[in-house]
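Engineer: First the structure, which I've put down as structure tokens, then a few questions once you've had a look.
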Amino acid sequence: MNWESAIIAASATRPTPLLAETFQHRYDTASEPIRVTASDDRTWVVKGAAGERQIVNEQIVGRLGLALGAPVPQIGYVHVSEEFLSAEASLLKPPSGLQPFMPGDWHGSVWVDGVIEARRMLWEHAIDPANANRFARLAFLYGWCCCEQDHQFLYLKTPPHLVFSHDHGHFFCNAPDWNVQCLEEAPIAILDNKIVSNCDLGRPELTEALDAFRALDVDEVIAGAVAAPLENWGVSLEERVAMAEYLFERHARLCSLDLGNS
């Protein structure tokens, strides 16, 4: 597979960024995202320059998750203009401790309405039957990309409390600071043990997820995901190729799993 050519070709098919139109809220978390109404009339959470290379990971993991049918928010690009920022003084001159939001094309994820972030009770609805297949696909996604510790979930507030995975900025080796060397030296891929054990996943739901994982058009999916981060987000073509090779090898490893010994 000529990953360089495939990535360059995939980069030409990126969707046009939406436009941020109405400011809603700014968060004081590490990546300092904002919530906006965009030109498609939907609410988006937008991470900009303050997220540094976290937004690279967000795009890659998000696109892989969507291709797999895992419960992750839809992602895309949102253009934040100078005019938009000028209309909201707190973005250009934020409270102490926050950076000014910079204009540009940034990572966006669609706001999931009616959910609660599960930080203190991460596994609260882990064994709900409605979440079994959802967590099984997340076990493959997290194992594919390698999430060592930054598990972050949202749950619907009302039954059946469906789970969504979000905030994928710290996936991969060295989190957002991954490089070619650490990808080449990464340990072999395994299913995410935290998800499998805490969710009490069994063979039926893992088999269903494995079938979906094996059915991916993996070359196309990987090329599209690795091409997704924009050029000014600080990831080189060499790094993209290394990421593609890393994901391809880990996909093959997980496809070969014997679920009786996973």
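Engineer: Need pairs with beta-carbon distance below 9 Å; first residue in a loop (DSSP other than H, G, I, E, B) and within the stretch 200-222, second among the aromatic types (Phe, Trp, Tyr) and surrounded by 14 or more Cβ atoms within 10 Å (Cβ to Cβ); sequence gap 6+ or separate chains.
Structural biologist: Going by the 9 Å Cβ cut-off, the qualifying pairs are Leu201/Phe135.
Engineer: Scanning for something touching a Cys at 6+ places or on another chain (Cβ under 9 Å), under 18 Å from Leu183 (Cβ atoms) and modelled with pLDDT of 95 or more, does the stretch 247-258 turn up at least one residue?
Structural biologist: Looking for residues that are touching a Cys at 6+ places or on another chain (Cβ under 9 Å), under 18 Å from Leu183 (Cβ atoms) and modelled with pLDDT of 95 or more, one finds at least one in the stretch 247-258, hence yes.
Per-residue answers, yes or no, for (1) surrounded by 17 or more Cβ atoms within 10 Å (Cβ to Cβ); (2) within 16 Å of Trp144 (Cα to Cα); (3) touching a Lys or Arg at 6+ places or on another chain (Cβ under 9 Å):
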{"position": "Leu201", "(1), (2), (3)": "yes, no, no"}
{"position": "Leu206", "(1), (2), (3)": "yes, yes, no"}
{"position": "Asp211", "(1), (2), (3)": "no, yes, no"}
{"position": "Val235", "(1), (2), (3)": "yes, no, yes"}
{"position": "Glu238", "(1), (2), (3)": "no, no, no"}
{"position": "Val241", "(1), (2), (3)": "yes, no, no"}
{"position": "Leu247", "(1), (2), (3)": "yes, yes, no"}
{"position": "Cys255", "(1), (2), (3)": "no, yes, yes"}
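Engineer: Another question, if that's okay. Could you tell me how many of the residues in the stretch 234-246 are at pLDDT below 95 and part of a helix (DSSP H, G or I)?
Structural biologist: Residues meeting the conditions: 0.
Engineer: Could you check, for the stretch 92-108, whether at least one of its residues is buried (at least 16 other Cβ atoms within 10 Å of the Cβ), at pLDDT 95 or above and closer than 14 Å to Asp167 by Cα?
Structural biologist: Yes, there is a match, as at least one residue in the stretch 92-108 is buried (at least 16 other Cβ atoms within 10 Å of the Cβ), at pLDDT 95 or above and closer than 14 Å to Asp167 by Cα.
Engineer: If Glu185 meets every condition in (1) modelled with pLDDT of 95 or more; (2) more than 30 Å from Gly48 (Cβ to Cβ) apart from one, which number is that one?
Structural biologist: Just one mismatch for Glu185, condition (1).
Engineer: Restricting attention to the stretch 180-195, does a residue exist that is within 25 Å of Ala10 (Cβ to Cβ) and either under 17 Å from the mean Cα position of the chain (by Cα) or free of Cβ contacts under 8 Å to residues at least 60 places away in the same chain (or both)?
Structural biologist: yes
The values are calculated or read from the model by the stated rules, or taken from the named source; none is laboratory data. All values reported here derive from a predicted model rather than from experimental measurement. Neighbour counts are summed over all protein chains in view; Cβ atoms, including those assigned to glycine, are modelled from backbone coordinates with ideal geometry.
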